[in-house]
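Have a look at this one before I ask anything.
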Amino acid sequence: MTTRQKFIAGNWKMNGSLQANAALLTAITQGLREQPPACKVAVAVPMPYLAQVQALLAGSSVQLGAQDVSQHEAGAYTGETSAAMLADLGVRYGLVGHSERRQYHGETDAVVATKAQRLLAAGITPIVCVGETLAEREAGQTGTVVARQLAAVAEALGQQIEKIVLAYEPVWAIGTGRTATPEQAQQVHAALRAQLASAAPGGAMVPVLYGGSMNAANAADLLAQSDIDGGLIGGAALKAPDFLKIIGAAQA
Ligand code: 13P
């Protein structure tokens, strides 16, 4: 049986500066040279820093990621960044449907699905984020909410769904220090994997990452779960020692 390689991705969100990025990535790439990772590693950085980070990551095993992409292909869309532009800058992964985009920028399931299509068409792997709010969890709706969010993307992509990376990020765990327990996360991951498996022949092999207050102390327990294939890391990805510890906890 083929195994799913673990994958640790950092999401810097709207943080960084030319100077801070250089210091952070120098420390991370040096750490990974000393202790080569057993997992795939990527960082999703703010748009203005893509070119800087592309240069800083040259020759390293860390892949470049973006945090968003336009749903449009090209043209009069002031302020937007197309998938082709991201590909031009060497971007390999693109987040779509992060809860902060859904919540603060009104992104619907349909928009998220279109963005995933744009990325795939440009040769970039979408990291599709799904997750329930606290109110939805308390109302017992976790399963239906994440299934609906994934179904919208699966419907748009068809069999291509097997080319995505999926991230389960419970909204109540993001930036709150309140992590889902390994059991809570595993339960949702198993359901998402079953949904992926029924959507495409290779669906069961889609990496399903956990995100939400994952840190150096709790990563190993989460990553030990059979359906947790990695992590999407916010705050802890901004500190090289913490990010390196999480990568170290991700054994194949
Ligand atoms: P935190 O790790 O800061 O909770 O953020 C998680 C996240 O939203 C990653 O996309």
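What follows draws every value from the coordinates through simple rules; no lab data is involved. Note that the structure is a prediction, hence the values are computed from the model and not measured. Cβ atoms come from the backbone with ideal geometry, glycine included; neighbour counts cover every protein chain shown.
Would you list, by chain and number, the lysines whose Cα falls below 21 Å from the Cα of LYS6, excluding same-chain residues fewer than 8 positions away?
Cross-link targets: LYS40, LYS163, LYS239, LYS245.
To continue, here is another question. To the nearest µm²/s, what D does Stokes-Einstein give for the stretch 172-211 at 4 °C and 1.567 mPa s, using the Kirkwood radius over alpha carbon pairs as Rh?
On the way: Rh = 11.1 Å.
Estimated via Stokes-Einstein, D reaches 117 µm²/s.
Here is a further query. Taking 0.36 nm per residue of sequence separation and subtracting the Cα-Cα distance, how much length would be gained by fully extending the chain between SER60 and ARG92, in nm to one decimal?
On the way: separation 32, 0.36 × 32 = 11.52 nm, distance 1.38 nm.
Additional length available on full extension: 10.1 nm.
Right, next: Under the rule of at least 5 residues apart or a separate chain, name every residue whose amide H is placed under 5 Å from the amide H of ALA250.
Amide H neighbours of ALA250, under 5 Å, 5+ apart: none.
Moving to a separate point now. So what is the relative contact order of the chain, in percent, for Cα pairs below 8 Å that sit 6 or more residues apart? Could the numbers behind the result be given before it?
Details: 493 pairs, mean separation 56.9, N = 252.
After rounding, I find 23 percent.
Then there is this: Ranked from highest to lowest mean number of other Cβ atoms within 10 Å per residue, what is the order of the peptides 47-55, 152-160, 96-104? Mind dumping the intermediate values first?
Numbers: 47-55: 16.0, 152-160: 17.8, 96-104: 20.3.
Descending mean neighbour count gives 96-104, 152-160, 47-55.
Another question, if that's okay. Report the Cα-based extents of the stretch 153-251 along its three principal axes, largest first, to the nearest Å.
In descending order, the Cα extents are 39, 22, 22 Å.
In whole Hz, with x marking every Gly and Pro, tabulate ³J(HN,Hα) for the stretch 97-104 from phi via Karplus 6.51 cos²θ - 1.76 cosθ + 1.60, θ = phi - 60°.
In residue order, the calculated couplings are x, 4, 4, 5, 6, 5, 6, 9 Hz.
Follow-up. Cα atoms only: what Rg and Dmax, in Å, come out for the chain?
Expressed in Å, the Cα Rg and Dmax of the chain come to 16.8, 48.
Also, quick follow-up: So how much slack lies between GLN159 and ALA76, counting 0.36 nm per residue of separation and subtracting their Cα-Cα distance, in nm?
Numbers: separation 83, 0.36 × 83 = 29.88 nm, distance 3.13 nm.
So the extension gain works out to 26.7 nm.
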